[in-house]
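Written out below as structure tokens is the structure these notes cover.
The values are calculated or read from the model by the stated rules, or taken from the named source; none is laboratory data. Since we're looking at a predicted model, the values are computed, not measured. All Cβ positions, even for glycine, are placed from backbone atoms using ideal geometry, and neighbour counts span all protein chains on display. Calculation scope for accessible area: heavy atoms of the full protein, side chains included, ligands and nucleic acids excluded. Shrake-Rupley method; radii C 1.70, N 1.55, O 1.52, S 1.80 Å.
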Amino acid sequence: MKTKCLGHSLIEVIVVLLLIAISISAMLSTNLTATKLTRNALALSEMIAFTDSVASTMRNNPQELTIIKSRYLATLTPNYISTFVCSTSKRCLYQLQAIRDLRQVKNSLDSMFVDYRMVICHDLTPSDGQYDAGDGCDKLYKNPIVIKVWWPKQGSKSQYQYYYTSVSL
């Protein structure tokens, strides 16, 4: 008497479950990557709006912005502390406004990121510079003022996003 086996063998079931597990893990990996990219894009769009706001604030104080040794020309990090004391010069009010503006910018950056570096300098080639190396600023007064910002990429402690914008009057 011959009997026919009906149904699936255990090996076939295990193979199907393995294929389903691989498919689900691939979808999860793609989803995680998409989430990281979305967060990085969101951080970039927030930084674009933020630097435009900073540039606008600086343009509101042209008496300080347009001089050679402007107080706006600074490097902001989480450890930035301004020790400026105003003298009795004619520029004192403008300098104090610049220092207040920079403190407000620093406070905003502190609330956005744990680690960052913002450089405001004269530079003809703003697309150069690195977070942990030189900022790439040529510091020549005849060149335009630029704002360069580095902040950590989402999900990375050693890679930084970068954005720059020019401050025109």
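Observations on the model:
- Gly129 vs. criteria within 15 Å of the chain's Cα centre (by Cα), open to solvent by 20 Å² or more (accessible area, probe 1.4 Å), closer than 21 Å to Ser70 by Cβ and modelled with pLDDT under 90: yes
Residues are listed down the side, and each one gets a yes or a no for (1) modelled with pLDDT under 90; (2) under 30 Å from Leu169 (Cα atoms):
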residue	(1), (2)
Met1	yes, no
Val13	yes, no
Ser23	no, no
Thr33	yes, no
Ala41	yes, yes
Ser45	no, yes
Ile48	no, yes
Ser53	no, yes
Thr57	no, yes
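- Odd one out for Asp138, checked against (1) open to solvent by 20 Å² or more (accessible area, probe 1.4 Å); (2) under 12 Å from the mean Cα position of the chain (by Cα); (3) over 21 Å from Arg39 (Cα atoms): (2)
- Enumeration of residues in segment 49-86 that are outside any loop (DSSP other than H, G, I, E, B), among the β-branched types (Val, Ile, Thr) and over 22 Å from Asp135 (Cα atoms): Thr57
- Failed item in (1) under 20 Å from Leu169 (Cα atoms); (2) out of contact with any strand residue (DSSP E or B) (no Cβ under 6 Å at 6 or more places or on another chain); (3) touching a residue at least 24 places away in the same chain (Cβ under 8 Å), with Val119 passing the rest: (2)
- Contacts under 7 angstrom Cβ, first residue in segment 25-39 being charged (D, E, K, R), partner surrounded by 10 or more Cβ atoms within 10 Å (Cβ to Cβ) and not in a helix (DSSP H, G or I), 6 or more apart: Lys36/Gln154; Lys36/Gly155; Arg39/Gln154
- Residue that is nearest to Tyr162 (Cα to Cα), among those in segment 44-96 that are of a type in the set (S, T, N, Q) and touching a strand residue (DSSP E or B) at 6+ places or on another chain (Cβ under 7 Å): Thr51
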